[in-house]
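Notes for the one structure printed next.
The values are calculated or read from the model by the stated rules, or taken from the named source; none is laboratory data. Predicted model only: the values in this text are computed from it and were never measured. Reconstructed Cβ throughout: ideal geometry from the backbone, glycine too, with neighbour counts over all protein chains shown. In case anyone asks, the SASA skips ligands and DNA or RNA and just uses the protein heavy atoms, side chains included. Shrake-Rupley method; radii C 1.70, N 1.55, O 1.52, S 1.80 Å.
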Amino acid sequence: MEEKMMCGSLENAVARLLAAFPQSLHTERVSLKEALGRITAEDFYAPIHQPPFDRSPLDGYAVRAADTILATLGTPAVLRVVGETLAGMPPARPILPGEAVRIMTGAPIPQGADCVVRQEDTDEGMDKVQVYVSHLPFQNYCHQGEDIRKGTLALPGQTRLDAAAIGVLAMLGQGEVCVLARPKVGLLTTGDELVETGQTLSAGKIYNSNQYLLSARLRELDALPQVLPCRGDDVKMIGEAVNRALEDSPFLITTGGVSVGKRDLMPEVCRFLKGELLFHGIPMKPGAPAL
């Protein structure tokens, strides 16, 4: 192996590969229901606040904190109940001093109220309610935008969409998302010693496990592996397979034949195809020759 073809590091090898393929991947918009595992193509900024309004985190009564000062079990604050607000229902009107509104989890907090008393801390009254606990302003109170503010970065580009990320997009009202298109990647395993899984091994043979490992890994990386039939140790046969593969896929991964032995033919295949050899070998341990 010629020293000049060695890369100084794995990072150097990756940089050479990236420089040889400057083109960017195409993008596409997909339904959020089909987006699991895809990779975002751009930064996504929140188009709305989340939550979109001040809301209650529990079932109870929306009140003014000032009306509960010094409230105890023995000397409760007594407030007039002037309405009820459910999740999805806008408040009928603002509340005034001495008033309370029955409120459910997720419901908008009416104007004038600055805290929510949980129903366990009351007598659950209908016309009048006794409050047994003193409250501070904004106690039990979810502010508009306290999870995500409108205009802030919600998901950066290059994010792999898992269940949590898809949940974020959904609560911000997105039915679709812009993702990187899945690139086609050819996969060609080589070697006279390889036998397909499910067949009986004869002396000196091994199973073609790399084909399955790399195909699965490509799918994990959101690529579309184009698996080719295994080829034996023959320069012309491998070269023709490479040419055909590159007609259908912009990228191709081969395994086998990249060391310095008699049957390590990939450097010769590269010359046969009049390709450019970027490096031959990466000085790293544990590891093995790479082309």
* Condition broken by residue 152, with the remaining ones in (1) in contact with a Phe, Trp or Tyr (Cβ under 9 Å, 6 or more places away or on another chain); (2) β-branched (Val, Ile, Thr); (3) within 30 Å of residue 80 (Cα to Cα) satisfied -> (3)
* Any idea which of 184, 262, 205 is touching a residue at least 60 places away in the same chain (Cβ under 8 Å) and open to solvent by 70 Å² or more (accessible area, probe 1.4 Å)? -> 184
* Structure fact -> The lone condition residue 164 fails out of (1) exposed (fewer than 15 other Cβ atoms within 10 Å of the Cβ); (2) assigned to a loop (DSSP other than H, G, I, E, B) is (2)
* Asked: Are there any pairs, at least 6 apart or on different chains, whose C-beta atoms fall under 6 Å, with the first in segment 151-171 and in contact (Cβ under 8 Å) with a residue 40 or more places away in the chain and the second open to solvent by less than 60 Å² (accessible area, probe 1.4 Å) and basic (Lys, Arg), and if so, which?
  -> 161/38
* How many of the residues in segment 265-291 are surrounded by fewer than 15 Cβ atoms within 10 Å (Cβ to Cβ) and not in a loop (DSSP other than H, G, I, E, B)? -> 2
* Asked: Going by the conditions given, is residue 236 open to solvent by 70 Å² or more (accessible area, probe 1.4 Å) and either hydrophobic (A, V, I, L, M, F, W, C) or in a loop (DSSP other than H, G, I, E, B) (or both)?
  -> no
* **Residues satisfying the stated conditions in segment 244-272, i.e. among the acidic types (Asp, Glu) and modelled with pLDDT of 85 or more** => 247, 248, 268
* Structure fact -> Listed by range, strands (runs of 3 or more DSSP E) wholly within segment 50-150 having at least 2 residues that are without any contact (Cβ under 8 Å) to a residue 24 or more places away in the chain are 77-85
* Structure fact -> Flagged in segment 134-159 as of a type in the set (Val, Ile, Thr) and open to solvent by less than 50 Å² (accessible area, probe 1.4 Å), in numbering order, are 148, 159
* Structure fact -> Of the listed residues (252, 221), the one being aliphatic (A, V, I, L, M), surrounded by 15 or more Cβ atoms within 10 Å (Cβ to Cβ) and within 27 Å of residue 160 (Cβ to Cβ) is 252
